[in-house]
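Only one structure is covered here, and it is reproduced in the block below.
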Amino acid sequence: MSPVQICSKDPSPLLLRGTVVIQLVVVLAAVMIKFSLPAHRVDLPRVSEAAPVDDMLVPTQAVEHLAMEDIVEEDPVSAPGQIGPRIMVYRVQSGDTLSRIWANVGAPTSGPVLAAKAFKAAGVSLSALRSGEDIELQISPVGDITALRKKLPEGRELLLDGDSNLGYTATVANPKIVKKERVASGTITLSFAKAAERVSVPANIVDELVDLFSSRVEFRKDLQRGDIFSVVYDEHVTKDGEFIKAGPIKAASLEKGGRTLYAIRYVGKDGKPHFYDQNGQPLGNSFLRYPLKFTRISSAFSYARFHPVLKKTRPHNGIDYAAPLGTPVRTVADGVVTHAGYSLSAGNWIKISHGDRYATDYLHLHRISSGIRKGVRVSRGQVIGTVGSTGLSTGPHLHFSFYDRGKYVNPLRNDLPTNSFAVEKISPAVLQASLDKLKQSQQIVRLASLLVGVRGS
Ligand SMILES: [Zn+2]
C-alpha cells in the first residue's frame, strides 16, 4: 500500500553562500516563472482516496469564504449619497434551500418559488446550490434578491436575474475557453509522480505520459534521481485563467540514465494520432505496463507472499494493485475476451488473448463492463471493468497476470511486446519543432538541477 516511490533519499540540503545565493535565486526564479505558469495547482489523486476523483467538483476559487454571520458588503454600486443595490458573498450551508437563503438575507418570501421556476426552465438542478460553495447575491435597497451568480464546473457560470415580484430568469453562461500550449519539465528526486506534481502537471497528463513510455520504462523502479522528463501539452483555460482541462500530450521525453526516449504526436491523413521517436520511427502499439492508470497504483509484485485469505505463503502469479473500489481497469493491449465470468477464488474475472502468444488476466473485479463477454474484441486501454474485492480477497485490488505462451511472466520486470504496423511518416517540420521544444526544456531543467545540486552524488 506504499505510495509510488523510486528513491527514498531526500534531496541534499542546499549549502549556498554569498553571491552564489543571489545568482542562484535569480536563475531559479527565472526557471520557476517559466515552469510555474499558469499558477494553478492540480493535485494528483492520492492512493488512499476513498473514491475516484469527482469530475464535477466545483473548481476552487480564490474567494474569501464568509459564513452567514460574516457577510460583508463589497463595492456598493451606487455613488455616495445614493442608495443602490449591494453585492454580498453567501456561503451555502448544508440544508440550505432557496427559501432558507431568501429568509436568511431577509428577502421577500414570494421569491424562492419564482427562482425555482427559473432554474427549472433553464434546466439547472437546485443541487447546484447545496454544495457548500459560495454564491454572489445582489440585494436591492428594499432588501430583495435581484441577482444571483454562482460558479459551475468547467468555468461555467449560473446567473439568476429579476426580483421577487416579477419573477426571475436563469441562464448558464459558457466561458470562452482558450487553448494554450504548455511545456513542463522536471527532475526526478523522490518519484516521477512527485516530480510531475511539483511542476503542476495534471494527473491525466501524468497518466498519459506513463502510458507513452511504459512499455520501455517501469516507472516505479527504473527511474533514478536526476532523470529528467519534459512534456508539451495543451491547457484549456478560461479567459480569467481558470484551469479547465489539459491534453492531449503533443510531445514528451524522458531522460533516463543518460539516454533519452522521445514520443512525438502526429495526426496523419487517417485522422488518428500516432507517436514517433526522435528519428521519426513510429512507436507502434505497445502493451501498456499498467492495467490501472499510473496515478492509482499502490502495490508491487512478489513471487512468494503471505496470502491474506488462505493464511499461508503460496506462489502468487500476478501483481496486486490496491486501488479504490470502482477504479477503472483497462486492457493492456488489443485482443479478444476468452473468459468473462465468476469463480469462487478469482471472483469476477476476465481473460484476454492478445494474439497466439500473449494473454492477460484481471481478477477480483467489482463489475465487468457491459458488453465484455467471451468472443468480444477489445482495444488497448479500453475499460473492461472496475476494481473490486470479489472472490478470495480482503480488500479492493486488481490481481493482474501476464502470460507468454501460457507461462506466467512478470510484466514489471520484462520488456513488453510491441505490435508495429504501417502508419504514414511524421511531418519533418513537426518532428523538428517538437524535438527543439523538448531539448530546450531539458536543458533548462538540467541547468537548474546542477545549480541546486540535485544531481550530485
Ligand atoms: Zn493477487
Are any residues in the range 100-122 open to solvent by 20 Å² or more (accessible area, probe 1.4 Å) and either polar (S, T, N, Q) or touching a residue at least 24 places away in the same chain (Cβ under 8 Å) (or both), and if so, which ones? ASN104, VAL105, GLY106, PRO108, THR109, SER110, LEU114, LYS117, ALA121, ALA122
List the number of the failed condition for THR338; all other conditions in (1) away from the ligand (no atom under 16 Å from the Cβ); (2) surrounded by 15 or more Cβ atoms within 10 Å (Cβ to Cβ) hold. (2)
Qualifying residues in the range 407-428 (those that are open to solvent by 70 Å² or more (accessible area, probe 1.4 Å) and modelled with pLDDT of 85 or more) - the one nearest to ALA184 (Cα to Cα): PRO428
Residues satisfying the stated conditions in the range 158-200, i.e. in a loop (DSSP other than H, G, I, E, B), open to solvent by less than 40 Å² (accessible area, probe 1.4 Å) and out of contact with any helix residue (DSSP H, G or I) (no Cβ under 8 Å at 6 or more places or on another chain): SER191
Output the residues belonging to the range 321-350 that are touching a Phe, Trp or Tyr at 6+ places or on another chain (Cβ under 9 Å), part of a strand (DSSP E or B) and under 24 Å from GLY284 (Cβ atoms). VAL329, ARG330, GLY335
Can you pull out every residue in the range 380-419 that is more than 16 Å from the ligand (Cβ to nearest atom) and closer than 13 Å to VAL329 by Cα? ARG380, GLY381, GLN382, VAL383, ILE384, THR386
Filter result (touching a residue at least 12 places away in the same chain (Cβ under 8 Å), of a type outside the set (Phe, Trp, Tyr) and part of a strand (DSSP E or B)) within the range 398-457: LEU398, HIS399, SER401, ASP404, THR418, ASN419
Can you tell me which residue in the range 306-331 is nearest to the ligand (Cβ to nearest atom), limited to those that are among the hydrophobic types (A, V, I, L, M, F, W, C) and either at pLDDT below 95 or loosely packed, with under 14 Cβ neighbours inside 10 Å (or both)? ILE319
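The values are calculated or read from the model by the stated rules, or taken from the named source; none is laboratory data. Keep in mind that what you see is a predicted model, and the values were worked out from it rather than measured. All Cβ positions, even for glycine, are placed from backbone atoms using ideal geometry, and neighbour counts span all protein chains on display. The protein model used for the area step is the full one, side chains on, heavy atoms only, and it has no ligands, DNA or RNA in it. Shrake-Rupley method; radii C 1.70, N 1.55, O 1.52, S 1.80 Å.
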